[in-house]
Amino acid sequence: MQALSPHIQPERLWDDLMELGTLTDPGQPYTRRSFSPRFLEGREWLRHRFEQAGLACRIDAAGNLIGRRGAQSPDARTIMTGSHSDTVPGGGRFDGILGVLAGLEIARAMRDAGVTLAHHFEVTDFLAEEPSEFGLSCIGSRGMTDCLTPQHLALQAPWGETLAAAIDRMGGDASRLSHAQRHDIAAFMELHIEQGIVLEREGTEIGIVEAIVGVTRIEVIFSGRADHAGTTPMDCRCDAMVAAAGLITAVSHLARDAARAGRGHVTATCGIVEVLPNASNVIPRQARLVIDIRVSERDACERLLARLRAVATEQAVACDVTLARFEIQSDSPPVACSPVLAGRLEAAAGALGLSSRRMVSGAGHDAAFIARVAPSAMVFIPCRDGRSHDPEEWITAHDAANGTRVLADAIMATDAS
Ligand code: HGY
Ligand code: MN
Ligand code: MN
Ligand code: MN
């Protein structure tokens with residue numbers, strides 16, 4: 001089997017990473033929110049680079065940008081790689097983006113080496129992997145795997161657009177989502193930064209992902225009563241914020257205790273708190289929370305949800321407010337990666353003389369959805385101080401090249417298998 005790794009050019013990849021990073025909302029570094037004009041600008045830049053690399057480009061019905069390097073035979077199956085080019089607000093230059101640009105670099109290496117695979121080779125920029133203004137993440141990979149429901153498509157963004165209309169605006173066709181379903185993918189492998197501290201702390205060069213956590217997000221609304229902050233006695237209040245504060249503390253303590261009790265990977269975070277009327281001299285009449293729960297074992301999530309619902313109810317009674325909503329916003333189960341593909345990634349790292357270790361991904365990824373229709377696996381590289389979802393996110397060109405070489409050789413091994 002021919003190794004492709006010698007044809008990977010670290011500088012070419014690094015230049016792409018730095019250049020795409022310049023396409024960001026001004027004043028809020030590294031922000032390219034899905035469905036935004038800036039995102040489309042980044043997409044156009046990607047499409048141009050894909051075409052320069054000899055990839056035939058298309059946008060599928062789910063709004064994913066796909067570059068294809070055709071196989072020797074037209075009815076071959078497909079080996080796919082990719083990730084996402086959208087970011088969180090004030091995010092980094094590598095989360096998702098590395099996986100897309102590594103796929104592009106691998107396509108260029110194939111072109112430079114004159115390699116045509118027995119499989120079609122595709123590089124995909126999945127639409128809206130990050131939680132979007134529709135309250136949903138992984139929209140493109142859900143669309144590719146029949147996981148977008150009519151209820152999802154009817155979700156509305158704050159600007160009034162439905163998700164279906166937004167997908168169409170991205171060049172997709174929400175009315176033909178059944179055409180986006182893929183049954184021809186022989187293997188999917190995604191390169192991603194770890195977004196955690198394990199690899200760097202251990203000095204390990206490559207992470208081989210065995211499982212991707214399940215991600216469950218719940219929306220909670222406490223409704224109280226707005227009153228004057230100065231004239232209302234402390235024991236006559238219906239303060240929605242105090243009830244929310246009690247639940248937020250419980251989110252952190254219960255998840256920490258579950259993780260310490262050895263129930264696998266457990267995290268829970270309250271990243272959104274919206275208060276109305278949000279005025280310093282008015283007792284909050286409403287507090288809206290979105291809580292993000294991640295587990296590697298499904299029953300840990302069920303247990304945590306039950307405890308949080310009980311705490312929310314207790315807090316509402318204690319603060320004389322109403323628990324107006326406690327609803328699951330999105331819910332995807334933990335996913336096991338393909339042992340065969342993980343083995344190939346591990347063997348490729350070994351053949352390149354790189355240290356590696358098996359691990360669980362605490363981040364959600366498009367691979368978790370693609371795993372529903374094809375054997376899928378992920379490979380991680382370290383990121384500085386484990387930082388991500390922040391402009392401080394940083395990797396080295398050397399690690400980016402390592403991850404890309406491992407991915408490239410695992411793709412070649414899969415094509416030859
Ligand atoms: O939130 C996540 O886990 C991913 O970065 N979208
Ligand atoms: Mn992310
Ligand atoms: Mn990501
Ligand atoms: Mn991802």
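The values are calculated or read from the model by the stated rules, or taken from the named source; none is laboratory data. Every value quoted in this text rests on a predicted model; they were computed, and no experiment measured them. All Cβ positions, glycine included, derive from the backbone under ideal geometry; neighbour counts span all protein chains shown. In case anyone asks, the SASA skips ligands and DNA or RNA and just uses the protein heavy atoms, side chains included. Shrake-Rupley method; radii C 1.70, N 1.55, O 1.52, S 1.80 Å.
Tell me which residues come under 5 Å, amide H to amide H, from SER330 once H is placed; ignore anything under 5 positions away on its chain.
For SER330, the qualifying residues are ARG217.
Determine the gain in length on full extension of the stretch GLN9-CYS57; use 0.36 nm per residue of separation and subtract their C-alpha separation, reporting nm with one decimal.
Values: separation 48, 0.36 × 48 = 17.28 nm, distance 2.24 nm.
Taking 0.36 nm per residue and subtracting the Cα distance, the gain is 15.0 nm.
Determine ³J(HN,Hα), in whole Hz, for all residues of the stretch 165-182 in sequence, where each value follows from phi through the Karplus function 6.51 cos²θ - 1.76 cosθ + 1.60 and θ = phi - 60°; x replaces Gly and Pro.
Coupling constants for the stretch 165-182: 5, 5, 4, 4, 5, 7, x, x, 8, 4, 7, 10, 4, 4, 6, 8, 4, 10 Hz.
Leaving out ligands, DNA and RNA but keeping every protein chain, what accessible area does HIS179 have, in Å² rounded to the nearest 10, with a 1.4 Å probe?
That residue has around 120 Å² of solvent-accessible surface.
Using the Kirkwood radius built from alpha carbon pairs, what does the Stokes-Einstein equation give as D for the stretch 45-161 at 37 °C and 0.692 mPa s, in µm² per second? All intermediate terms of the calculation are to be shown ahead of the outcome.
On the way: Rh = 15.2 Å.
Approximately 216 µm²/s, per Stokes-Einstein.
Residue by residue through the stretch 74-91, which ³J(HN,Hα) values in whole Hz follow from phi under the Karplus form 6.51 cos²θ - 1.76 cosθ + 1.60 (θ = phi - 60°), with glycine and proline marked x?
So the Karplus estimates, Gly and Pro as x, are x, 9, 5, 7, 10, 9, 10, 10, x, 5, 9, 9, 7, 10, 6, x, x, x Hz.
Would you mind calculating the gained length between ASP385 and VAL317 on full extension (0.36 nm times residue separation, minus the Cα-Cα distance), in nm to one decimal? Provide the component values of the computation, followed by the final result.
Details: separation 68, 0.36 × 68 = 24.48 nm, distance 4.20 nm.
Extending this stretch completely gives an extra 20.3 nm.
Assuming 1.002 mPa s and 20 °C, estimate D for the stretch 214-332 with Stokes-Einstein, Rh taken as the Kirkwood radius over Cα pairs, in µm²/s. Show your work: numbers first, answer last.
On the way: Rh = 14.6 Å.
It diffuses with D of about 146 µm²/s by this estimate.
Under 5 Å between amide hydrogens, which residues at least 5 positions from LEU191 or on another chain qualify, with H placed 1.01 Å from N in the peptide plane?
So LEU191 has HN proximity to GLY82, VAL379.
Considering amide H positions built from the backbone, and no H for Pro or chain starts, which residues 5 or more places from ILE185, or on another chain, come under 5 Å of its amide H?
Answer set, sorted by chain and number: THR78.
Where nothing but the Cβ of Lys and Arg (+1) and of Asp and Glu (-1) is charged, how large is the charge dipole of the chain around its Cα centre, in debye to the nearest 20?
Details: 40 positive and 53 negative charges, 100 e Å.
Using only the charged Cβ atoms, the result is roughly 480 debye.
Given the DSSP H assignment, sum -39500 (n - 2.57) over each helix run of at least 4 residues in the chain and divide by its residue total; what's the result at 222 nm in deg cm²/dmol, nearest 500?
Numbers: 12 runs with 146 residues, N = 417.
So the calculated ellipticity at 222 nm is -11000 deg cm²/dmol.
Give me the net charge for the shell around THR216: Cβ to Cβ below 13 angstrom, other residues only, Lys and Arg +1, Asp and Glu -1.
Details: positive: ARG217, ARG294, ARG298, ARG303, ARG309; negative: GLU219, ASP292, GLU297, ASP299, GLU302, GLU327, ASP331.
For residues surrounding THR216, the net value is -2.
SER332 accessible area, nearest 10 Å², 1.4 Å probe?
Surface open to solvent at SER332 totals about 20 Å².
Using protein chains only and a probe of 1.4 angstrom, how many square angstrom of ARG77 are accessible, to the nearest 10?
About 120 Å², rounded to the nearest 10.
Which value does Rg/Rh take for the chain over its C-alpha atoms, Rh per Kirkwood?
On the way: Rg = 22.6 Å, Rh = 22.3 Å.
Rg divided by Rh gives 1.01.
In the stretch 308-417, which GluC sites (Glu not before Pro) fall in coil by DSSP and have 15 or fewer other Cβ atoms within 10 Å?
Details: sites: GLU314, GLU327, GLU346, GLU392, GLU393; in loops: GLU392, GLU393.
Taking the stretch 308-417 and a limit of 15 other Cβ atoms within 10 Å, the loop GluC sites (Glu not before Pro) found are GLU392.
Using θ = phi - 60° and the Karplus relation 6.51 cos²θ - 1.76 cosθ + 1.60, list the HN-Hα couplings for the stretch 122-132 in order, rounded to whole Hz, with x at every Gly or Pro.
These are the phi-based 3J(HN,Hα) values: 10, 10, 10, 9, 6, 6, 6, 6, 6, x, 9 Hz.
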